[in-house]
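Data block below; observations after.
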């Protein structure tokens, strides 16, 4: 459900095609929105999950985890997902709003996150306890200064990604 580490970011259309392919046949999906609401665009992943609340079918669990996704590990495990999509801001060296879908193998080898528990440890735990396919949707932030709000660019991208996920999950 993702690209290999080191690949360039993809257009939203390419991300949507990859998500549709990766989620086809998914029986139970958890979408984990991660980020700090106090650090501008770092909140983009959580914003995507917020946009999904109340809009997904019963086999999809969107979680707004903010900076503590590890606190949701047990509810994720109990949901028995076949697929887990982590969404978080990450420095990709690209234009603000650029996206990269990273496969589970690459998530396990990365330290992209700025949160207390590295996402690779969470991904490793979830893979071991759920046997789910795990991927990370990384979003390039514009700014992450303390006290800054979500930029207009990333707010727009978060809405686009939420709509894109709804389409992919409807297939």
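Since every read-out is calculated from the coordinates, none of them should be taken as a lab result. This is a predicted model, so every value here is computed, not measured. Cβ: placed from backbone, ideal geometry, glycine included. Neighbour counts: every protein chain shown.
Of note:
- Note on region 12-170: Cα-only Rg and Dmax are 14.0, 41 Å.
- Rg followed by Dmax, in Å, when region 113-157 is reduced to its Cα trace: 14.2, 38
- Efficiency of FRET between residue 143 and residue 10 - r from beta-carbon atoms, R0 25 angstrom, step 0.05: 0.65
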